[in-house]
1. Let me know the charge dipole size of the chain about its Cα centre in debye, to the nearest 20, where only the beta-carbon of Lys, Arg (+1) and Asp, Glu (-1) is charged.
2. What number, in nm² with one decimal, is the all-direction average of the projected area of the convex hull of the alpha-carbon atoms of the chain?
3. If one takes the longest principal axis of the Cα atoms in the chain, at what angle in degrees, from 0 to 90 and to the nearest 10, does the Cα axis of helix 4-23 lie?
4. Enter the angle in degrees (range 0 to 90, nearest 10) between the Cα long axis of helix 33-47 and the first principal axis of the Cα atoms of the chain, meaning the one along which they spread out most.
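Every number here is computed from the coordinates shown, using simple stated rules; none is lab data. Everything quoted here is computed from the prediction, not taken from an experiment. Quick reminder, even Gly has a Cβ in these numbers, built from the backbone with ideal geometry, and neighbours come from all protein chains shown.
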Amino acid sequence: MGTEAERQDTRKAMAYDLIKAMEKNPEKQTYTVEEVKRLIDYYVETACER
């Protein structure tokens, strides 16, 4: 599973990746809870494929 430091790094990387994904659509300034959940689902599904 890794060390606590590795888990923290992973969480930070995920947060950064999600921010970058949202910034790809700069004209969209707000996201609904459902949109954020879909974005996270997509991220998790595609991250496992790498």
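1. 80
2. 4.1
3. Helix 4-23 sits roughly 20 degrees off the main axis of the chain.
4. The answer is roughly 40 degrees.
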